[in-house]
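Below is one structure, written out as structure tokens; the observations come after it.
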Amino acid sequence: MAAGSGAQRPDATERVMELMMYLLARDVPKTRAEIWRDTGLYAPDGTTDRLLRQSARATFERDKAVIRNLGVRITESMEHDGATSYTIRRRDYFLPELSLTPEEQVALQFAAAHVDIGETWDLEAVAKLTNAPDGAVAHAGAASSASAGVELDTASAADAQARALLPTLAAAAADRAEVRFRYSGRDRKVSPLGLLGRSPHWYLAALEGDVAKTFRVDRMEGGVTVGEPGAFTERADIDVAGLLPSDPMQIDVGDDFVARVRIDNVVAQQPTAERGEIVARDDDGSVTLEITVRNRTAFRTWLLDMGRHAVVLEPPELVSDIVDWLSALAGGEPS
């Protein structure tokens, strides 16, 4: 994943995941020969070694069985020459859209607030499922989370002072009371709409004048002053959950850099690889992206999801940082 790192043959788990991603990303079904040629997972292209081909075929059949045992349907079809082709249809892989009532959305938020799993999927799932124009859902979720005393990750989240502000800010949003605080060297007076959590930080969604904004709670300077309840009217036309960027890499946590990353042809067509601007396309289908990143942790998570199919090219200090990070994950000494 970092420039200069040596390529290794994938283990069984990685091989199965790569096969599944390949079949999901293809617009048309692919034969076994095409899969072997495009992925390089099973046997060298054009090999005539009978034993090697037999072993590769057995491995390919086992991998398909593993995918099916995971509950993912592989659709098979017959080509005109009699060869079998394979694909994974998106409708067989992705969950259908969920339609939850406001009461069910609040219940889901409350449950997510009480489960500390050390990951961000619960926050992202709640944001997706509660992306409704009615701001009351976000208010209720914020108030329940704060009153429940949600404990943030102390290694990377807001400091103790910021955590202490969460109940006050949640109550102000519920009471429609204006809040004053100092932020980025300026005194602010805002109408709070709710709290938004995107690990490891919390944000206050609020109206400053007529402009909807988000303020990172741990960047508030000093305490906050809360005015009288009922000072402003609730705005049902504002999508509170939508005020944070949908891409975690674009949520400001203090990082700010432009990364140049090469994505190979195996995953370049997948939605998870669609980030930033494509600045180069190679004949083999790989692409080079330039990505503006404001959240280094989210960038690393995305990069890890790409596995060996992504290579960080620039800037040099980012390449060094990724190498050190991967070395630490592997339990080795940083280079």
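Brief remarks on what is shown
- Carbon and sulfur %, accessible surface of region 173-239 computed with the full protein complex present, 1.4 Å: 42
- For region 34-104: rounded, prolate or oblate by the Cα gyration tensor [a/c cutoff 1.5]: prolate
- GLU314 long-range amide H proximity, modeled H, under 5 Å: ARG260
- Surface listing: ASP92, ASP11 arranged by accessible area from highest to lowest gives ASP11, ASP92, probe 1.4 Å.
- Nearest-10 value in Å² for the accessible area of LYS64, using the 1.4 Å probe: 10
- Computed from the Cβ-Cβ distance with R0 of 30 Å, the FRET efficiency linking ASP27 to LEU207 stands at 0.10.
- Site pair ASP283 and ASP187 shows an inter-label distance of 6.7 nm when each label is modelled 7 Å from Cα along Cα→Cβ.
- Sorted peptide list for 22-28, 278-284, criterion being average Cβ within 10 angstrom, highest first: 22-28, 278-284
- Extension gain, THR84-LEU52: 0.36 nm per intervening residue step, less the Cα-Cα distance, totals 9.5 nm.
- Karplus-derived 3J(HN,Hα), 6.51/-1.76/1.60, for each residue of region 175-183, Hz, glycine and proline x: 8, 6, 9, 5, 10, 10, 6, 9, 8
- Cβ-derived FRET efficiency at R0 35 Å, GLN161 paired with THR233, nearest 0.05: 0.70
- The slack in the chain from SER77 to ALA12, taken as 0.36 nm per residue of separation less the alpha-carbon distance, amounts to 20.8 nm.
- 3J(HN,Hα) couplings calculated from phi for region 287-300 with the Karplus curve 6.51 cos²θ - 1.76 cosθ + 1.60 (θ = phi - 60°) are, in sequence order, 9, 10, 10, 10, 10, 7, 10, 10, 9, 4, 4, 5, 4, 4 Hz; Gly and Pro show x.
- Shown for region 174-235 is the translational diffusion coefficient from the Stokes-Einstein equation, using the Kirkwood radius over Cα pairs, a temperature of 4 °C and a viscosity of 1.567 mPa s: 109 µm²/s.
- Rounded if a/c under 1.5, otherwise prolate or oblate - region 180-313, Cα gyration tensor axes: prolate
The values are calculated or read from the model by the stated rules, or taken from the named source; none is laboratory data. Here the structure is a predicted model, which means the values were calculated and not measured. Ideal geometry is used to build each Cβ from the backbone, glycine not excepted, and the neighbour counts take in all protein chains shown. We work out accessible area using only protein heavy atoms, side chains counted, and drop any ligands, DNA or RNA first. Shrake-Rupley method; radii C 1.70, N 1.55, O 1.52, S 1.80 Å.
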